[in-house]
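Engineer: Shown below is the structure under consideration.
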Amino acid sequence: MAMMKYIIKYFGLIIILGLTLLHFVCLENDPPLFYVGHGQSLLTDPYHLTHAARNEILFDNWNLYDYDRWDVFKNSLISGVSYLIFSVYDVNRVTVNVAATILHLIGILLFVLSIYHFRGKKEAIFTALFLLTNAMLFFYGRLSYLENGLIFLSGLTMFLFLKYYDKIWGQALTGGLIALAALAGKLFGLILIAPVILVLIYRYRTKILLPVMTVCGGLIVSAFLYIFIFYGKNFAILNNYYAEQTTGMYGSPPGLSSVTNFFKMLIIYGGESGIVEFAPFIILSIILSLIITAFVLPFTGKFNKELIPIIFCVGWLLAGITGLMPFYYRPMRYFLFLFLPGAAICGFAINYVISEKIKFSLHNKYIYLPLIFLSLWYLFTQIFIFFAPFGKKFSAGAEVMPQTALAAFIVVAVLFFVFLKKRSLSVGKWPAVIFGLVFLAICFNQGKYFYKGLTESGQLLKRYNIEFAQLVDQEAVLTGPYAPALTIDNNLKSVIYVFGLANVEKNLFERFPITHIVSDRHNWQRAIKDFPFLNSSLLIVQTVIRDQVLSFYRIPTAIVAETSFETAQRYFRQDIYDSALVYFQQFSLQYPENLFGRIHLALALSAAGEIEKSESLIKQLLIEYPADYMLHGFCVGYYNRLFAATGDESYLRLSEYHEQVTKKFVPGIAIAK
């Protein structure tokens, strides 16, 4: 029996080590394709946040063109760590992701060490396994999001607070770390104040005032110092950024508009954004663990030091959900730092149910029964949302809320009457069996995402970086939401700007030497609305990345020299195909490996009447790039045009075939025909 325990323990440690090292595999890959439809931040935010650090390394200037609108990005922890990594190695997609991965993993390590210090090896191993088998945490944790800086600072805050919570300087330090979590990580890092206060209440009871004031004092002083050091008199930059990113773009939080909307936003939270979709059994495990914790965690009564991390994590999870759920914009990545307390609660519950004697009791019915009711209401509603079609998940959840509330109420009423007669209830080993089955389901479910994300994502962004830099002059300056993502692997300059923001930069093109724009369709429409002169821009390339059609424009006021590719496109847009063909051939001789050049050469050959040569080139490209969904997407329109020109139905069938192949790679992709 003792030997078996050692085998299980060391096997768990080997798995933990393997999953940790796996974080550094295939860092040059594109974000997983299965997240398509859940926002474009995977293609934009990580490169916006590291933009200033890149500029400092490549151009010896953090803030090119003195544009301070995005200083919040420059002053973030992820930006600082990226600068250190860039300084030692180089600026590219891999080093950007390494910076995020290191912060993410150190944050998890600090968190698990906190559990280990108070709860022991077994619970720490369970907690680590729940975190490291989470594919959402894995893939988002390898991208330079503010959330990964927040995970590091959250882990550090918990580690130091639990170690020094009973010392005045430790309480002040905790307040300072919470301020850093909010200002250098993510603003909702302020949520950490709730579990800190909860633990202090548990420890000091009626003598709570001084410790809480010490924490709050440390928070306020540190926040002022941080703002003074990094912003000085330019506090308006910070204020304007957060005002625009919260209520400015998305309006007032609907969850705070009425009691009905509060519960609607609470119970549906995570179902419509994809959290439950991509981690169903992890969420199920967290809910079950929270319910079990309610049965066994005595918040009142004699102080027990070993329970502090669990009380902290329960407060962290509940405060996090309550703080995030009221808002209209609540993407998957916001939940990442809540997986940490969720994993610790799971570790606690599993460790409890595999113990010798399992007894459930309600130490405070009036606190824990409402918590159990909300947990069950959430669980029952999320089951319906999970099976609802994409795009209708929110409405599906809202429709069944009355019925699921009734079901949850009946279960809680039964529990109330059971514990009215009995102070405790022996439940046998069935909870351990349930957790074992759920964990197996987690391994299979998340394993599928690990495999797909590491083997099927491709490296289209890396290739676009190389090829886009060849399409334009080296003095070109790009802007648009995707510009930083398409310059991270080359030396082109870029200006961060997203068209359609609440505060429009009316002098954008007078203030900055912008020559080109990379944009999706929606952003381009907003760009033309705000800056009508852009309507006469030259479309250089239109391509697909994930579910977006990206367009690369040379703007009318660009002062850099035209490349042979741009000249070819100018002739092609004017239907002067012979001249276009000459310049496309010239470009392809200069850059024979550029796929955009070869595709457009085939297009020009077709337009100039040399269809056989054109088809031959396309067939050769399909042999070289059989799994390139961008190329297959191009072939849809290419063969459609040949069908329209010749009436040959074989071209129509080829177009339909390539459309099926493209949608197989990226379901829901928009294809230009």
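Engineer: All but one of (1) at pLDDT 95 or above; (2) closer than 29 Å to residue 396 by Cβ hold for residue 372, so report the exception by its number.
Structural biologist: Against the list (1) at pLDDT 95 or above; (2) closer than 29 Å to residue 396 by Cβ, residue 372 comes up short only on (1).
Engineer: Is it the case, given these coordinates, that residue 480 is over 17 Å from residue 96 (Cβ atoms) and either hydroxyl-bearing (Ser, Thr, Tyr) or surrounded by fewer than 18 Cβ atoms within 10 Å (Cβ to Cβ) (or both)?
Structural biologist: No; evaluated as a whole, the condition is false for this residue.
Engineer: Can you tell me which condition residue 429 does not meet? The list is (1) open to solvent by less than 80 Å² (accessible area, probe 1.4 Å); (2) modelled with pLDDT under 95; (3) not β-branched (Val, Ile, Thr), and all the others hold.
Structural biologist: Going through (1) open to solvent by less than 80 Å² (accessible area, probe 1.4 Å); (2) modelled with pLDDT under 95; (3) not β-branched (Val, Ile, Thr) one by one, residue 429 breaks only (1).
Engineer: Looking at the stretch 265-292, I want the residues that are touching a residue at least 24 places away in the same chain (Cβ under 8 Å) and closer than 16 Å to residue 389 by Cβ and have a partner that is among the β-branched types (Val, Ile, Thr) and outside any loop (DSSP other than H, G, I, E, B) with Cβ atoms under 8 Å, at least 6 apart or on another chain. Which pairs are those?
Structural biologist: 268/381; 268/385; 271/381; 271/385; 272/385; 276/283; 276/385
Engineer: Working only within the stretch 315-333, note down all residues that are modelled with pLDDT under 95 and within 22 Å of residue 133 (Cα to Cα).
Structural biologist: Residues satisfying the conditions are 331, 332, 333.
Engineer: Moving to a separate point now. So, in the stretch 263-296, exactly how many residues are surrounded by fewer than 20 Cβ atoms within 10 Å (Cβ to Cβ) and assigned to a loop (DSSP other than H, G, I, E, B)?
Structural biologist: 0
Engineer: Looking only at the stretch 476-491, which residues are out of contact with any strand residue (DSSP E or B) (no Cβ under 6 Å at 6 or more places or on another chain) and under 22 Å from residue 505 (Cβ atoms)?
Structural biologist: 481, 485
Engineer: Additional query: Restricting to the stretch 229-260, name every residue that is touching a residue at least 40 places away in the same chain (Cβ under 8 Å), open to solvent by less than 60 Å² (accessible area, probe 1.4 Å) and at negative phi.
Structural biologist: Scanning the stretch 229-260 gives 231, 237, 238, 241, 242, 244, 246, 248, 253, 254, 255.
Engineer: What pairs can you find where one residue is in the stretch 495-524 and under 17 Å from residue 478 (Cβ atoms), the other is surrounded by 22 or more Cβ atoms within 10 Å (Cβ to Cβ) and basic (Lys, Arg), and their Cβ atoms are less than 7 Å apart, with a gap of 6+ or different chains?
Structural biologist: From the stretch 495-524, the pairs are 515/554; 516/554.
Engineer: Could you identify the single residue in 665, 634 that is open to solvent by 60 Å² or more (accessible area, probe 1.4 Å), of a type in the set (Phe, Trp, Tyr) and within 32 Å of the chain's Cα centre (by Cα)?
Structural biologist: 665
Engineer: Of all residues in the stretch 69-117 being under 16 Å from residue 58 (Cα atoms) and polar (S, T, N, Q), which is surrounded by the fewest Cβ atoms within 10 Å (Cβ to Cβ)?
Structural biologist: Among them, the one singled out is 87.
The values are calculated or read from the model by the stated rules, or taken from the named source; none is laboratory data. What you are looking at is a predicted structure, and each value in this text was computed from that prediction instead of being measured. Note: ideal-geometry Cβ built from the backbone for every residue, glycine included; neighbour counts use all protein chains shown. SASA here: full protein model, heavy atoms, side chains in, ligands and nucleic acids out. Shrake-Rupley method; radii C 1.70, N 1.55, O 1.52, S 1.80 Å.
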